Amino acid sequence: MKDQETHHHDQYGDWPPADGRHEDTAWQDPASYPRYRPQQYAQQPYEQPYPQPYEQVAAHVVTGTQTHPADGREAGPEAPAVPGYVVPEVPVSAWSIDTRRSTWIGRSLVLCVLLVQAGLSFRLGGRAFAAEAYYLAPGHHRIGHSGVYPVVAKAADAVGGLAAARSLSLLFMLGVTALLYAMTSRMFNERAGLAAAGLFAVVESTELLGSLATADAMALFLIAAAAWALVRTGRSHPSLALLAAPFAALAPATKSVAVLYLPSLVVLAVLSAYPYRGARAFLRGLFFGAGTLLLLGAAAYLSGGLDGLTSATTGRAHGTDPALDVLWRSAEWGGLVLLVAVGGAVDYVRRSRMGEMPWATGDTPGAVRRTALGLLMCGTALLAPVCQAYLNDDVSLFKHVGFGLLFAAPMAGLGISRLVGAHFRYPQLGIMVWVGVLVVGMAQTQTLYRPPDSGQMVNTLRKVVGKDGRYLAEQAEIPAYYLADSTRRDQWHGTRDIDFTDKSGEHHTGPDGFRRAVRAGWFDAIVLNGDVTPGTDKAITDALHGNSGYRLLAVLPSTDAYGSTTYRIWVKR
């Protein structure tokens, strides 16, 4: 027993301590630590337990600049200090790499946006609105005197009817979204372009214009093409701005409201080139403005004047809708996107370097140019609402709002991009805004898109009309379009105006003209529904009351954009 204690003492020293201290506190005195005796540990041959290939990889341990073999032998001077694997340098963001892969990713996302837009427009259907029939019917009968769009619409209608004409509008609107993406990506960055396209694709006006066979979609496409051409050539020679002039000049010839946005395009031509061309950017505005005016002048000379360009803008008659109501409706249809655009513009003025692009280097546009660009893009969105509020008229306002949103969308896309933050830090905020715009847009289209239920009315009239009659209808465009195979367009008269000449040669206009024409038996059939021109309808019904020359043929319930209505059809005895 004593030998064991002696061996323990020789091996570990005095342990436990001889002074009687407790074992739990003995560690506090370094002098009481056990003495280490290395001679008691004999070196044993190292056996490598790991199979190949790990045996080869673990044969050396890299420390500093020396390589020490695992078996304990001294390292030779020839052993290199090379690690087994080197981690490549990682860019700050995948969006910073302009490669074919990133390009195709962006285009694939744009394709998804376009598919969503097409689905939202395709879900809207029904029979033709009066506005659609207005464009399509002149395209059939008066091609040379009805503007640009009816000629194009006639070709589509001849191939596939109303569905083909509406599909043409959808193609134009899909082109608008694609051009918006390209323009915004050029102005700011890829993320802003995708966000701008995503927002614009789901707003109310985009959904409706893609489902209506009217001239609005084509005119908006031409404006988008002009804006894209100006931004795309901003870093090139100033004379290349002339490439955008044909698109800009053709837009008012398609839809007169487009003339409101020509000044904005001129300013955009300057601002898009100023960071790269300096004062020479003003030459771009001069080239573009002069080229556009020259083409417009030539078109006016060939067509006989500029009356068509001002008929729906400055020369338009004042209506009866209160200005505040017009502005409120405009805010309902485009206010959310405009609000996001204003936020993006304010942040763009505050910070020239975009936080979502930490890799960006080089000079940035000055504060004056950034402020001017923000005012231009957001202010242009207010042109149609302010103009129609001045005219006290909300006719087609839900469509005209989309023209201004085309300019506000790039700033809205920038606002979404900065709201999400660098490296997609807060994607839920961007998703929340997009879903809000989507839901609001879908709800508004369900309210606004109510095609007239005109099937029974057209079928009833088909039995009593012919090539030699004269017909009066409150929405004459609808029966004129659907009965084009059995009547001519000039046989149909609307209820908005009339110039009736009685037997004595005296001319009568307005409600009195309609009253006298009905009493004289001037029309062979009369169709009223009481929605569009109630004052004229009252004068006509008063003339029909007790009139033995007409009989009531049918009373047909229907629905249209105004709600429930009733078609009343009188025919001449």
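Laboratory data are not the source of any read-out in this text; all were calculated from the coordinates shown. Only a predicted model underlies this, so the values are computations on that prediction, with no experimental measurement involved. Quick reminder, even Gly has a Cβ in these numbers, built from the backbone with ideal geometry, and neighbours come from all protein chains shown.
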Fill in the blank from the handout: Expected sort for 417-430, 327-340 on mean C-beta neighbours within 10 Å, highest first, is 327-340, 417-430
Completion exercise
Mean Cβ-within-10 Å packing, highest first, puts peptides 496-509, 287-300 in the order 287-300, 496-509
Exercise for the section: Quick one: give the max-minus-min coordinate of the C-alpha atoms of the stretch 126-244 along each principal axis, largest first, in Å. Expected result: 46, 33, 20
Practice task
Report the extension gain between SER352 and ARG496 in nm, rounded to one decimal, defined as 0.36 nm multiplied by the number of residues separating them, less their alpha carbon distance.
Solution key: 46.4 nm
Handout entry: Per-peptide average of other Cβ atoms within 10 Å, ordering 529-535, 479-485 highest first
Key = 479-485, 529-535
Exercise for the section: Would you kindly state how much longer the chain becomes between MET442 and LEU302 on full extension, computed as 0.36 nm times their sequence separation minus their alpha carbon distance, in nm to one decimal? Expected result: 46.2 nm
Practice task
Neighbouring Cβ atoms within 10 Å as the yardstick, rank TYR390, TYR274, TYR181 fewest first.
Solution key: TYR390, TYR274, TYR181
